[in-house]
Amino acid sequence: MKTETTTEPQKGHESPWSIIQTRTEWAPGVIMVSTAGHGGFWISPEHLEKIPARWRDYAASWSHGWGEQWYEEDVSAVAVGAYVLEDPTALEILPRVEAQYLPAVEVTP
């Protein structure tokens with residue numbers, strides 16, 4: 001399993017999904033990467049505390065052992081959009097995405 005890193009991903013390097021073909025910095029410490037078949041966000045350790053544990057766990061489960069810093073483009077990326085980038089569209093759809101994809105948490109009184 002890969003561990004938390006402060007080293008930003010670079011074109012030509014490995015990612016959870018394959019070799020990085022493109023890399024776009026959306027904000028300091030927020031990098032979108034794409035590969036031949038998939039992609040997603042890498043976030044710096046400073047941003048991890050902004051993302052709730054349930055989303056960090058979900059992202060880690062889809063990062064092929066690379067940890068909590070990688071957020072795949074299909075579902076997990078909405079957490080980066082909402083909690084790190086504070087994007088209005090991500091904030092709007094977040095409740096629906098959470099309801100559909102995150103496991104229900106039982107609350108005991």
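Give me the percent relative contact order of the chain, please, defined on Cα pairs under 8 angstrom at least 6 residues apart. Relative contact order comes out at 20 percent.
Sites counted here are GluC sites (Glu not before Pro) in a DSSP loop (not H, G, I, E or B) having no more than 11 other Cβ atoms within 10 Å; the longest part of the chain that contains none of them is 5-48.
Would you kindly calculate the translational diffusion coefficient of the chain, applying Stokes-Einstein with the Kirkwood radius from alpha carbon pairs, for 4 °C and a viscosity of 1.567 mPa s, and quote it in µm² s⁻¹ without decimals? Result for D is 92 µm²/s.
Here the Karplus curve 6.51 cos²θ - 1.76 cosθ + 1.60, taken at θ = phi - 60°, turns the phi angles of region 29-42 into couplings of x, 10, 10, 9, 10, 9, 10, 4, x, 6, x, x, 9, 10 Hz, with x standing for Gly and Pro.
Only the coordinates and a few stated rules stand behind these numbers; no lab work does. A quick note: this is a predicted structure, and the numbers were derived from the prediction, not measured. Virtual Cβ from ideal backbone geometry, glycine too; neighbours counted across all protein chains shown.
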